[in-house]
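Q: Please find one structure pasted underneath; my questions will follow.
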Amino acid sequence: MEITLVQGISLAVLGIILGIDFWLEAFFIFRPIIVCTLTGIILGDVQLGLIAGGLTELAFAGLTPAGGTQPPNPVLAGIMTVVIAFKTGADPKAAIGLALPFSILMQYIILFFYSSFSFFMAKADKAAEEADTAAIVRLNVLLTVIISVVYGVVVFLSSYVAQDAMQSLVASMPAWLTHGFEIAGGILPAVGFGMLLRVMLKAQYIPYLIVGFFIASFIPITNLLPVAVIGAALATYEYFRSKEQMILAPRSIQEGDGTEDGI
């Protein structure tokens with residue numbers, strides 16, 4: 001399917017907004033599940049956006065920036081997964097693998113800006129010494145604008161300008177290679193979820209994991225909505241249980257501080 005100029009510009013504007021959010025980490029709308037859904041809305045295929053968003057979010061679940069390190073960029077991964085699947089008709093799982101080069105490209109662009117923006121630190125330090133808050137604001141706005149414009153340009157070039165070349169490339173791939181990308185894309189969500197569990201999983205949460213796995217794997221259901229509802233219920237229960245324990249813990253400590261009678 002053809003991506004129109006209006007859609008290409010809309011995706012570029014979306015890239016600018018998401019780039020600002022990713023740079024500032026303000027509202028976390030840069031997460032793939034939101035990025036893919038918004039991209040699907042712009043391209044007129046919400047279902048594709050939701051499917052690609054779920055898969056891509058799982059693949060990037062355990063990848064978060066830490067200090068100066070940068071994982072593959074989630075914004076370009078989300079946008080290009082939907083764009084490739086929409087333009088070429090590829091399976092969303094295969095589109096994830098095909099979108100990784102765009103994600104890695106943006107990763108290195110961000111790393112380049114991390115290095116190059118260090119030259120502005122002298123001006124920032126001078127403005128801080130002089131208590132020139134206006135200069136600090138201007139400096140931060142300027143750097144944010146540069147980042148956001150680059151996001152918009154990269155998204156526009158990748159999604160609109162290069163769409164025919166991208167379609168020709170995918171069409172020229174042999175079936176075994178396309179199938180390989182599909183398998184790799186299907187594995188990536190499991191890898192991402194595994195990385196997330198390695199960081200977050202605690203022994204007391206294992207029963208919830210077993211219950212969710214059992215329901216999703218062995219109970220015949222037409223969609224995952226019942227699993228999500230049960231997961232939300234268990235999460236709510238765990239939240240209030242943990243909150244109650246935090247309230248009761250200080251009381252138990254205070255009661256234990258009392259001295260025994262006769263001492």
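Q: In Å, what is the Rg of the alpha-carbon atoms in region 14-98, and how long is Dmax?
A: So, for region 14-98, Rg and Dmax equal 12.1, 38 Å respectively.
Q: If I build a Gaussian network model for the chain, linking alpha-carbon pairs within less than 10 angstrom, which residue out of Ala128, Ala59, Ala162 has the largest mean-square fluctuation?
A: Ala128
Q: Using alpha carbon centroids, what distance separates region 1-65 and region 100-179, in Å?
A: 15 Å
Q: Got a sec to turn the phi values of region 113-119 into Karplus ³J(HN,Hα) couplings, 6.51 cos²θ - 1.76 cosθ + 1.60 with θ = phi - 60°, whole Hz, x for Gly and Pro?
A: 5, 4, 6, 5, 6, 5, 5
Q: Could I ask something else about it? State the percentage of accessible surface on the chain attributable to carbon and sulfur atoms; use a 1.4 Å probe and exclude ligands, DNA and RNA. It would help to have the intermediate numbers written out before the result.
A: On the way: 10970 of 15460 Å².
Heavy-atom surface of the chain belonging to carbon and sulfur, 1.4 Å probe: 71 percent.
Q: Taking the Cα centre of the chain as the origin, how large is its charge dipole in debye, to the nearest 20, when only Lys and Arg (+1) and Asp and Glu (-1) carry charge on their Cβ atoms? Show your work: numbers first, answer last.
A: Values: 11 positive and 18 negative charges, 110 e Å.
For the chain, the charge dipole is close to 520 debye.
Q: Follow-up question, since we're still on this one. Starting from the residue with the highest accessible area, list Thr88, Thr4, Thr222, Thr39 in decreasing order, probe 1.4 Å. Numbers along the way, then the final one.
A: Numbers: Thr88 40, Thr4 65, Thr222 140, Thr39 0 Å².
Final ranking, largest accessible area leading: Thr222, Thr4, Thr88, Thr39.
Q: Can you tell which of Ala59, Ile230, Trp176 lies farthest toward the positive end of the dipole of the chain, using +1 and -1 charges on the Cβ of basic and acidic side chains (Lys, Arg; Asp, Glu)?
A: Trp176
Q: Here's another thing I want to ask about it. May I ask you to compute the full-extension gain from Phe120 to Leu143, defined as 0.36 nm times their residue separation minus their alpha-carbon distance, rounded to one decimal in nm?
A: On the way: separation 23, 0.36 × 23 = 8.28 nm, distance 0.92 nm.
Length gained between Phe120 and Leu143: 7.4 nm.
Q: Can you give the helix-only mean residue ellipticity at 222 nm for the chain, where every DSSP H stretch with n ≥ 4 adds -39500 (n - 2.57) and the sum goes over all residues, rounded to the nearest 500 deg cm²/dmol? Before the final figure, lay out the partial values.
A: Details: 11 runs with 200 residues, N = 263.
Helix contribution divided over all residues of the chain: -26000 deg cm²/dmol.
Q: For region 132-221, which trypsin sites (Lys or Arg not before Pro) pass both filters: DSSP loop (anything but H, G, I, E, B) and at most 14 other C-beta atoms within 10 Å? Could the numbers behind the result be given before it?
A: On the way: sites: Arg138, Arg198, Lys202; in loops: Lys202.
Hits after loop and neighbour filter: Lys202.
Q: Now for a different question. To the nearest µm²/s, what D does Stokes-Einstein give for the chain at 4 °C and 1.567 mPa s, using the Kirkwood radius over alpha carbon pairs as Rh? Intermediate values should be presented prior to the final figure.
A: Details: Rh = 21.3 Å.
In µm²/s, the coefficient is 61.
Q: Another question, if that's okay. Whole number please: convex hull volume per residue, Cα atoms of region 77-227, in Å³. Spell out each step's value before the answer.
A: Values: hull volume 29.9 nm³, N = 151.
Given the Cα convex hull of region 77-227, per-residue volume reads 198 Å³.
Q: Accessible area, 1.4 Å probe, largest first: how do Leu76, Leu157 sort?
A: Most to least solvent-accessible, the answer reads Leu157, Leu76.
Q: In nm, what is the difference between 0.36 nm times the number of residues separating Ala165 and Ile183 and their Cα-Cα distance? Each step should come with its number before you reach the end.
A: Details: separation 18, 0.36 × 18 = 6.48 nm, distance 2.34 nm.
Using 0.36 nm per residue and subtracting the Cα-Cα distance, I get 4.1 nm.
Q: Note down the nm distance, to one decimal, between modelled labels 7 Å out along Cα→Cβ at Asp132 and at Glu2.
A: The two pseudo-label positions are separated by 5.2 nm.
Q: If the chain between Lys202 and Val13 were fully stretched, how many nm would it gain, using 0.36 nm times the residue separation less the Cα-Cα distance?
A: Details: separation 189, 0.36 × 189 = 68.04 nm, distance 4.06 nm.
Contour length minus the Cα-Cα distance gives 64.0 nm.
Q: Please compute the per residue accessible area over region 128-218 with all protein chains in place, 1.4 Å probe, rounded to a whole number of Å². Show your work: numbers first, answer last.
A: Details: 5900 Å² over 91 residues.
Result: 65 Å² per residue.
The values are calculated or read from the model by the stated rules, or taken from the named source; none is laboratory data. Here the structure is a predicted model, which is why all the values come from computation and not from measurement. Here Cβ is always computed from backbone atoms with ideal geometry, including for glycine, and neighbour counts include all displayed protein chains. Side chains included, ligands, DNA and RNA excluded: accessible areas come from the protein's heavy atoms. Shrake-Rupley method; radii C 1.70, N 1.55, O 1.52, S 1.80 Å.
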